[in-house]
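The values are calculated or read from the model by the stated rules, or taken from the named source; none is laboratory data. These numbers were taken from a predicted model, which means no experiment stands behind them. A quick note on method: Cβ atoms are made from the backbone with ideal geometry, for glycine too, and the neighbour counts reach across all protein chains shown.
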Amino acid sequence: MENTDTSFVVFSLSGSLYGVRAASVREMLKLPELTPIEESPFYIPGFFNLRGSIIPVMDLKMRFAHPSNGYSVDDSVIIVEEGPELGIIANEILSVEEISLAAIEGLSPIQKEGGLHRFIEGEAKRGGDIVMLLDLKALIDRRTGPEVNAEGLRAFWPEASQEEKSVLKDRARRLMEPSDGPGKGGTPFAVIALGSESFAIGCESIREFADLKDITPVPCTPAHILGDTNLRGDILTVIDIRGPLGMSPAVPGPGSKVVVAEAGGVRAGVLADSIEEIVYLSPEEIVSTPLSPKPAEEEYMLGAARRNDGVLAVIDLKRMLTKGGLSVDEAV
């Protein structure tokens, strides 16, 4: 039977929502320092070195012939492969979602008139919002827009503070370091935020990311079970993993994310404050951590890895989901 669903990475930029086919996404990372290069298209503010590959980065607003809204150290870059590799700047990566092909609407005659929306292949409803689905081939095709910036070479984000420039520079330095891991520079890990701390989860256990919609508490369940949510017609149990990590309980709120994970036959949604990026780590980069004063915390840790601005704790999510202490069907 033909698959009628396609996965899209959905992200926000200047108040609008965009989607790019997940099959074309190589990885997602935080915005690094970019180096402008002469004779680049005006919508390419700069390039960076990703483990030996020079990656151009596109300002999507400028590609659409709108003024750039500037940048932030909280911005992300989505690396896509549709022929040549390309980075696309996003304000926030919201989710990875299955969108039915039947739910994708083509452009209206008004949108097509005069060549408007040359870079949009369709639109899809997302709750009360509309996601514009990007046509990567058109975005990459330099023939669809002016070639170079008429104003000449301009420094990337000259308005950034010294502290912001230092953060970007350190990220760029880390990203250029080679990795001995397999495949695309190592094994992929999703970095999630729990409060003020960041943790890495192996992507082999992750099925998708999604926004947390309404959540319904379930009576007579352990404290780590926050309740059930409706994920496109499927009931998903949402759990809080902060307890085993020695953290205070979570309070779901606007903007909360769900990491849909599956391991050992157990499927659950892990509550997170945000999805920060996708990183690639080789086994050599994950080192054992000193023994925790709380044995329960140590039990769920694979180790730690160096990150731009500190150390990243790597969680053994498979063990968390399959251990009795985090069972999703346990009753009290």
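Within region 95-111, identify whether any single residue is under 22 Å from Ser40 (Cα atoms) and either modelled with pLDDT under 90 or not polar (S, T, N, Q) (or both), and answer yes or no.
No, region 95-111 contains no residue that is under 22 Å from Ser40 (Cα atoms) and either modelled with pLDDT under 90 or not polar (S, T, N, Q) (or both).
Kindly indicate whether any position in region 34-46 is modelled with pLDDT of 90 or more, surrounded by 15 or more Cβ atoms within 10 Å (Cβ to Cβ), under 14 Å from Asn91 (Cα atoms) and among the hydrophobic types (A, V, I, L, M, F, W, C).
no
Pick out the one residue from Ala261, Ala223, Ala250 that is among the hydrophobic types (A, V, I, L, M, F, W, C) and closer than 28 Å to Thr6 by Cβ.
Ala261
Specify which of the listed residues (Glu284, Glu298, Glu262) is over 30 Å from Arg51 (Cβ atoms), surrounded by fewer than 20 Cβ atoms within 10 Å (Cβ to Cβ) and at pLDDT below 90.
Checking each option against the conditions leaves just Glu298.
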